[in-house]
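Derivation of every value follows stated rules applied to the coordinates shown; laboratory data play no part. As the structure is a prediction and not an experimental result, all values here were calculated from the model. Don't worry about glycine lacking a Cβ; one is built from the backbone with ideal geometry, like all the others, and counts go over all protein chains shown.
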Amino acid sequence: MDGFPLKITEAVCLGASLGLTSVCYYLYTKSRTSLDKLDDAPHLNIDGKLRDILKVTPGACLQYAVIEGTVQPVGEPLTSHFQKEYVGVLQKFNLTEHRLVWNSLSRTWSDSERVLHQRVNAVPFLLVGSDDTTVKVLSPLQALGDHMEITHEKFHQVNYGLGDIVGQYLSGEKLKGQLETEEMLKVGATLTGVGELILDTDGTLNLRPPANGSPYFLSTTDFDTLRGEQESSAVLWKVLAIASALAGAAALLWVGRRYYNQLKVRWEQEQERRDFERLQAELPRVSNACVICLTQPRNCILLDCGHVCCCHSCYQALPKRTCPICRQNITRVVPLYHV
């Protein structure tokens, strides 16, 4: 009982709680900062007045602004490989392999995914406003938000033979099949952009990732929906941080309570030892030796069985409060009196 009684499992739980709380709090502050920046960002219409606003802005740049327009390509758009009537400015193709892997601990099959192939195509595009004023969108692949729509999704299932089934059980892996998906940002879609708005020297308007590190958003939803998603994310991380902190506090209280109980037992044993030594000092020593240490005299009676077989020091060192002779539970111990 010397030192702080922190078990390995308790130390792992406390460490995990502290780490999880820190991560969740960091993500909460990050989401909260993004939400505050969205609330402070000015909402501007893509029209003839936008260029005039930037001309009188220092550096012809708004570090964070919200605009909304219709997607139009600069030049030829991209055509879907699977739906020829779909054209867009961003195109993403994924080929993912799905497997079942045997987990020997849980004795179950678990899903596993692996990306076999990924291809992204992009062409320059603009956001067009109500009076044909345009804003060129730069670095769209760096943007956050849901701005791609699934235009094709097909799962190619694998057919098994008897040999394949036997081999799967021996190897612990089952191939389910391959999923191919195509996503596109379609021409004509209404897009909400949040980023740094600048007026270039040639008079073109550009939307790009903010230089100050603020999040860059492109979303096919409106601004209120985009803000709601960020607010939900902030609330989720806040709840997880609080729950993790409470779990850590509960574990710490449990450890503290157990430590206090051990200290209490230690104080009671120390007081018992002192009382026994005081009573023992008034009695003559016996010649028969303790059956445990074989050096000290037998100086205590174990009750309720009544055996006189050990010294008080060995009694206190017993791993379990049972008699070394008959294994009965020891309810109390008294000094051995000689007449």
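Annotations
- Dipole of the chain, positive end: most advanced residue of Ala249, Leu126, Tyr64 [Cβ charges, Cα centre]: Ala249
- For the stretch 105-120, 3J(HN,Hα) per residue [Karplus equation, 6.51 cos²θ - 1.76 cosθ + 1.60, θ = phi - 60°, Hz, x = Gly/Pro]: 6, 8, 6, 9, 8, 10, 6, 9, 10, 8, 7, 8, 8, 9, 9, 10
- Proximal lysines to Lys49, defined as alpha-carbon separation beneath 23 angstrom and excluding residues fewer than eight positions away on the same chain: Lys136
- Estimated distance in nm for a label pair at Ser171 and Asp52, the labels positioned 7 Å out from Cα along Cα-to-Cβ: 6.9 nm
- Filter on Lys186/Lys238; Lys30/Lys55; Lys37/Lys238; Lys7/Lys30 - keep pairs with C-alpha separation over 24 Å: Lys186/Lys238; Lys30/Lys55; Lys7/Lys30
- Relative contact order [Cα under 8 Å, 6+ residues apart], the chain, whole percent: 20 percent
- Estimated FRET transfer efficiency (Ala249, Glu97; beta-carbon r; R0 51 Å; 0.05): 0.70
- Between the C-alpha center of the stretch 124-144 and that of the stretch 35-69 there is a gap of 13 Å.
- Taking the number of Cβ atoms within 10 Å of each Cβ as an exposure proxy, the fewest-first ranking of Leu116, Leu175 is Leu116, Leu175.
- Per the Kirkwood formula applied to alpha carbons, the stretch 41-221 shows a radius of gyration over Rh ratio, Rg over Rh, of 1.18.
- Neighbour count of at most 12 Cβ within 10 Å plus DSSP loop: longest GluC sites (Glu not before Pro)-free window in the chain: 86-281
- Restricting the stretch 1-71 to trypsin sites (Lys or Arg not before Pro) in coil, as DSSP defines it, with at most 11 other Cβ within 10 Å: Lys7
- Karplus-derived 3J(HN,Hα), 6.51/-1.76/1.60, for each residue of the stretch 134-141, Hz, glycine and proline x: 10, 10, 7, 9, 9, 6, x, 6
- For a straight C-alpha distance cut-off of 30 angstrom, the lysines reachable from Lys176 (same-chain residues fewer than eight places away being disregarded) are Lys84, Lys92, Lys154.
- Nearest-0.05 FRET efficiency for Tyr260 and Ala317, computed from C-beta distance (R0 25 Å): 0.65
- Within-12-Å neighbourhood charge of Tyr25 [Cβ basis; K, R +1; D, E -1]: +3
- Full extension of the segment from Lys84 to Lys30, taken as 0.36 nm per residue of separation minus the current Cα-Cα distance, would add 15.3 nm.
- Karplus 3J(HN,Hα) series, Hz, for the stretch 122-128 with 6.51 cos²θ - 1.76 cosθ + 1.60 (x for Gly, Pro): 8, 10, x, 8, 10, 9, 9
- Note that the stretch 285-339, at 10 °C in a medium of 1.306 mPa s, gets a Stokes-Einstein diffusion coefficient of 144 µm²/s from its Kirkwood radius over C-alpha pairs.
- A cut-off of 5 Å between modelled amide H atoms, ignoring neighbours fewer than 5 places along the same chain, links Ile292 with Cys311.
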